[in-house]
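The values are calculated or read from the model by the stated rules, or taken from the named source; none is laboratory data. These numbers come from a predicted model, not from an experiment. Cβ atoms come from the backbone with ideal geometry, glycine included; neighbour counts cover every protein chain shown. Note: accessible area is taken over every heavy atom of the protein model, side chains too, but ligands, DNA and RNA are not part of it. Shrake-Rupley method; radii C 1.70, N 1.55, O 1.52, S 1.80 Å.
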Amino acid sequence: MLSWNEYFLAEHFRLTSELRADTLLSMKASDLVKPENMDQLVSLYAPLIKANDSKPVGTYIGGWLGGVALGLQYMQSVWNVSLHLSLDQLTVQLYVADDYAQFSFVVDEWNKVEAPETGRAAWLDQQYRAFYQHILQPLIQSLAKATDNPEKLIWGQLPTRFNYYLDYFVEQSQDERVRQHLRDDYDSLCRQLEGACFGLDKNPFDVKVRWVEDMRDPSKKVRLKNQCCLYYQTEKGQYCYTCPRLKEDARAVRRQAALQA
């Protein structure tokens, strides 16, 4: 997918320019960061995921927000373009489709910013800072307060998704230049930005990936999640097999049961 494709962005990252009519909530991101509005979103979303309290609402919505970040990462590395975006130009929509609560992130228009022929590293740094410091940080700060979560826990949902999908994008690409951009650009995101860009002491993407034996195939390894998603704090939820909070003996029991099933 080497050229601009709006369908691809909507399908994989829920990033679109098309407003939906069947929403439970539709609000500009600039309004959503206000405490009373974020509280409204949390109250609407909690029963949809059968949350026992507000905490898993924070991690789940954080995961959806990570899709927007991943979409920007993809367009920067693969299409060599970014978006000029502000909280006023982004609408967050919550809706239910196929009995599943989902989010859509709607831009007013595609204000594309092409990478320069020279000075790409400086351009990329500028794009990262604009998005993470001025778009995602205010949203996550407000979300963390509304759900009584540490900001670090919500930011921690993003590396799990990034590490999985960026490896997948590298594997799928046939263009070595694009493959190298995917690797180098993500390394820049992880290593070049200080924690202050995210409102944290440390860059949340600068983490060590840990691996465990695949639950159903002993010859394979799978990544542990970077942070717990709090699925266990939803109705009938439990610790995921790849949860970093799950003890190794409990993981071994799960693995043995899966192999015997």
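Tally time: how many residues in region 11-37 are within 18 Å of the chain's Cα centre (by Cα), touching a residue at least 40 places away in the same chain (Cβ under 8 Å) and in a helix (DSSP H, G or I)?
Adding up the residues that qualify gives 4.
Can you say whether ASN226 is assigned to a loop (DSSP other than H, G, I, E, B) and in contact (Cβ under 8 Å) with a residue 60 or more places away in the chain, as far as the supplied structure shows?
Yes.
Name the one entry in ARG177, ARG245, ARG183 that is open to solvent by 90 Å² or more (accessible area, probe 1.4 Å), assigned to a helix (DSSP H, G or I) and modelled with pLDDT of 95 or more.
ARG183
Among the residues of region 145-174, write down those that are farther than 30 Å from GLU36 by Cβ, in contact (Cβ under 8 Å) with a residue 24 or more places away in the chain and either small (Gly, Ala, Ser) or not in a helix (DSSP H, G or I) (or both).
Passing the criteria: only SER173.
Could you check region 67-100 and list, in sequence order, the residues that are more than 27 Å from ASP167 (Cα to Cα), of a type in the set (A, V, I, L, M, F, W, C) and assigned to a strand (DSSP E or B)?
Passing the criteria: LEU90, VAL92, LEU94, VAL96, ALA97.
Any chance region 37-60 includes a residue that's closer than 29 Å to ALA122 by Cα and not β-branched (Val, Ile, Thr)?
no
Answer yes or no: is there a residue in region 151-161 that is under 15 Å from GLY58 (Cβ atoms) and more than 13 Å from the chain's Cα centre (by Cα).
Yes, there is a match, as at least one residue in region 151-161 is under 15 Å from GLY58 (Cβ atoms) and more than 13 Å from the chain's Cα centre (by Cα).
Residue check, LEU189 against (1) more than 29 Å from ALA51 (Cβ to Cβ); (2) outside any helix (DSSP H, G or I), all met but one. Which one?
For LEU189, the failing item is (2).
Can you tell me which condition ASP98 does not meet? The list is (1) open to solvent by 10 Å² or more (accessible area, probe 1.4 Å); (2) at pLDDT 95 or above, and all the others hold.
Every listed condition holds for ASP98 apart from (2).
So if I check each of GLY66, GLY62, which one is open to solvent by less than 60 Å² (accessible area, probe 1.4 Å), closer than 21 Å to GLN233 by Cα and in contact with a Lys or Arg (Cβ under 6 Å, 6 or more places away or on another chain)?
Of GLY66, GLY62, the one residue that is open to solvent by less than 60 Å² (accessible area, probe 1.4 Å), closer than 21 Å to GLN233 by Cα and in contact with a Lys or Arg (Cβ under 6 Å, 6 or more places away or on another chain) is GLY66.
Is it the case, given these coordinates, that LEU124 is part of a helix (DSSP H, G or I) and within 16 Å of the chain's Cα centre (by Cα)?
no
Confirm whether TYR128 is open to solvent by 10 Å² or more (accessible area, probe 1.4 Å) and hydroxyl-bearing (Ser, Thr, Tyr).
No, not satisfied.
Just to be sure I understand, how many residues within region 203-214 are crowded, with 18+ Cβ neighbours inside 10 Å and either out of contact with any helix residue (DSSP H, G or I) (no Cβ under 8 Å at 6 or more places or on another chain) or in contact (Cβ under 8 Å) with a residue 24 or more places away in the chain (or both)?
2
Test of understanding: among PRO56, PRO35, which residue is buried (at least 17 other Cβ atoms within 10 Å of the Cβ) and at pLDDT 95 or above?
From the options PRO56, PRO35, the qualifying one is PRO56.
Checking the condition more than 27 Å from HIS12 (Cα to Cα), free of Cβ contacts under 8 Å to residues at least 60 places away in the same chain and surrounded by fewer than 14 Cβ atoms within 10 Å (Cβ to Cβ), which residue from LEU259, LEU200 passes?
Residue meeting the stated conditions: LEU259.
In region 114-125, is there at least one residue being within 30 Å of SER173 (Cβ to Cβ) and open to solvent by less than 10 Å² (accessible area, probe 1.4 Å)?
Among the residues of region 114-125, at least one is within 30 Å of SER173 (Cβ to Cβ) and open to solvent by less than 10 Å² (accessible area, probe 1.4 Å), which makes the answer yes.
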